[in-house]
Structure formats: C-alpha cells, structure tokens
1. Out of I360, I369, I348, I365, report the one residue that is more than 25 Å from the chain's Cα centre (by Cα), surrounded by 20 or more Cβ atoms within 10 Å (Cβ to Cβ) and of a type in the set (A, V, I, L, M).
2. Closer than 27 Å to R227 by Cα, modelled with pLDDT of 95 or more and assigned to a loop (DSSP other than H, G, I, E, B): is that true of G87 in this structure?
3. Just one of (1) assigned by TED's automatic domain parsing to the domain that holds I27; (2) modelled with pLDDT of 95 or more; (3) over 13 Å from the mean Cα position of the chain (by Cα); (4) more than 20 Å from I99 (Cβ to Cβ) trips up F207, so point out which.
4. Quick one: how many residues across segment 187-200 are of a type in the set (V, I, T) and crowded, with 23+ Cβ neighbours inside 10 Å?
5. Among the residues that make up segment 33-48, is at least one of them under 21 Å from N226 (Cβ atoms), part of a loop (DSSP other than H, G, I, E, B), in contact with a Leu (Cβ under 9 Å, 6 or more places away or on another chain) and free of Cβ contacts under 8 Å to residues at least 60 places away in the same chain?
6. Anything in segment 85-110 that is in contact with a helix residue (DSSP H, G or I) (Cβ under 7 Å, 6 or more places away or on another chain) and over 21 Å from K26 (Cβ atoms)? List them, or say none.
7. Take the residues in segment 195-205 that are touching a Lys or Arg at 6+ places or on another chain (Cβ under 8 Å) and in a helix (DSSP H, G or I); name whichever of them is farthest from R182 (Cα to Cα).
Amino acid sequence: MGVDNILNIYGDMHIHIGRAAGKAVKITASSQLQLKSIIYRDAPRKGLEMVGVVDAGTLPVAQELEEMLQTGELRELRAGGFLARNGVLLIAACELESIEGVHWIIYLPAWEKLREYQRFIRSRVSNMQLSTQKVRISAKELVNMTCILEGILCPAHAFTPHKGIYGFWTDSLKKALGSDYRQIRVIELGLSSDSDMAATIDETRAFTFLTNSDAHSPDNIGREFNRFRLKNKNFLEFKYCLENAQGRRIMANFGLDPRLGKYHRSYCISCSTISTEAPPVSHCYKCGSDKMVMGVYDRIAAIQDRKEPGHMIGRPPYYYRVPIKQLPGVGPKTYEKMLNYFGSEINIMEEAAQSDLARIAGEQIADMIVKMRTGRLPIIPGGGGHYGKVQKNSG
C-alpha cells in the first residue's frame, strides 16, 4: 500500500438526531440536529469527513436515511457505509441501553444490517421512535447479535457514572463478560476522561480508544474527534482502523481536557460541592454527606490496577482541545469571521498559522489556540452535571 493511497481524515462517531421525519428522536437533543444538516452543514463547518449517527435504528431516522438513498443524497458503498455527495462518510449506528443499564453503540455496515437490527429489537423495546431506548437484551446477547450483524460494538462513554460500563456497572469487562470480553475491540472514553486515565485499568490495553462528542446540539458536534488513517472512505476501512489491521489505525484522539467534563470529579448532592480532594472521594468533606455522584476521575482511581498508564504499543496520542466557541473572548462574530477565513473549526485548531490567527481574531485568542495545541489550558474543573470552564486570561 503506497503512501499516495493513504487518507487522513477526521471523524466524530457519536452524534445524536434531535428530529427526523417530523418526529422527536432524542428528546434532550436540539431539533436542529437533523440527518441532512449534520452531513451537509455541520460536518463541513467542523472539518469532519466521517460522522457516526447513533440514532439510525429509530424509525424516523431510518426513514430519512432511506429517502436520502432514493434521492441520491447518499449512496450505499459496497464495502459498507454511506457516502454523501459532498464527500462526508456516514456510518449508521445505534445507541441502546442493555438490561444491565449500560449504554452501547453498535456501528453497522449496511442498510440491510440496519433493517435486521430493527427486526431483532422490535419485540424487545417499548418505543422504536426514540433514541437510546432500554432494550430487553443482556450484554452477552448484545455481543452475539453484533457479530451476527457484522457490526462493531462499543461501550459508550465508558467511565461516566450514568450508564457507563466502568462507571456504572463493573470494574472489569473481563469479569462481566467472560470469554465474550475478547469481542470488544473499542471503547469510547467520554468527555470526563482521557487515554492516560483509562490506561490505569490494565485490561484497557486490549482496546482502541475513541473520542467522540456525544453531541446533543449542532455546536457540540466535533467537540471531540479522531484522526483516522485509511485507504478509502467506507465501513470496512473504519473497522480496520478500530482493529489496527491492514495498516489502518487511529492516528490521534482529540478531546476535551477531562477537567472540562461535567462528571470529572465527585459531586455532593446535599451541598452542591465539587470535590477537590485526592481521589477517590465517596463522602463530602464539606458537609459529611455520602449522597455523592462519583466522578470519573474518582471512579477510575477506585478501580484502577495500575498507578501509571499502561498503553499498548502504537496507541495514538491524546491531544487536549477546547471548542473554539468556548475559549474566553471568542464571541459569535469572531467565531464566524475565523470560520469564513479558515474554512472549518478543525483547521482553526490544528492548521492555522499563529500570525493568521492573530490577524483575524487578535493576539490573545491566537496565543490561546497555540497554547491549546501544545499543552493544557488552565481549567476550573467540572462535576455533578456541571461542565468545567477555561479560566479567563489563560492565553
């Protein structure tokens, strides 16, 4: 495989749909999150060439997907996936909740496999219209179903206290799944963790890490993303990347500093205090209450079996990024001015020269973006459902 044949593209593989076919899909998501607008408006603005829409198994989204195939706005690829006229690759995916209360994403290769998925869960779910429904299926059954569908199974936001496989259900996938554990090739880190945190759990050496946005609004698409090295845009190449096969791989994860995540530290429900003590924190040191939402940082500290990260050979670097709109001093007009000049948000974050950034947005913002590329901005940590914030005057 020659160097000239290699593509390096950016992808966000966990995006929700707010509305489709005139119906609500993800109740907590913006109605502006629609299949066509994600592909033709939001992905290009962000600089994404691959998107995973995780509500493709719902009836309204599947209906719109079928309509876009009929009109030629999407075409199904022989090697899997759906390619839009503007070059964006859509990977159809389904997020669901198993009987253990854990959230999973199944990436599916083809339209017929999506239809098979719908036929399988129809009698096991209460509402086929809505996103992320609880399905009467166990984790082990889900592993087997994914194999039958030739899909890829990924634990979603694996470390969060709400529905994350490590954060909510178990301290070891190997113990929880037995021999089926070997079928899990990838996990999604979630907004409150990073590669180094995850790699203090030794069994994660077996997994590829994904950093995805879990976007519930257009602005949040691409707040976390990945750079994929592949030969062509299709599902099979995406699968190769996750399996580190055939020379394909994820080259880099780009994600929020975990301290920006809304579940990073433990949070006291009684007095609304975000913990600052050494983890793991299970009782509030301010009021003494044990009514806590355990943070991701604290949960990992409680279940880790390594003090230092143990990365598998070839694991991609994790780069801390903050969405441009969340940087202090970047208002709507400045953001649009930058976007019009540089073409996409990822170009602003990764490619734009400091001198050009300074000319378009000012020295302070340019300095902040360059500092973000090379290190970590000062953060006020989040917890208990409250996002952290970049400190002002941090450039």
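The values are calculated or read from the model by the stated rules, or taken from the named source; none is laboratory data. It should be emphasised that the depicted structure is a prediction, and the values quoted were computed from it without experimental measurement. Note that each Cβ is placed from the backbone with ideal geometry, even for glycine, and that neighbours are counted across all protein chains shown.
1. I365
2. Criteria met by G87.
3. Failed condition: (1).
4. Number of matching residues: 1.
5. Among the residues of segment 33-48, not one is under 21 Å from N226 (Cβ atoms), part of a loop (DSSP other than H, G, I, E, B), in contact with a Leu (Cβ under 9 Å, 6 or more places away or on another chain) and free of Cβ contacts under 8 Å to residues at least 60 places away in the same chain, which makes the answer no.
6. Residues satisfying the conditions are N86, E100, P109.
7. Across segment 195-205, the extreme among qualifying residues is S195.
Conditions (1) in contact with a Leu (Cβ under 9 Å, 6 or more places away or on another chain); (2) under 30 Å from Y267 (Cα atoms); (3) of a type in the set (S, T, Y), marked per residue:
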site: A139; (1), (2), (3): yes, yes, no
site: I148; (1), (2), (3): no, no, no
site: I152; (1), (2), (3): yes, no, no
site: A158; (1), (2), (3): yes, yes, no
site: G167; (1), (2), (3): no, yes, no
site: A176; (1), (2), (3): no, yes, no
site: Y181; (1), (2), (3): yes, no, yes
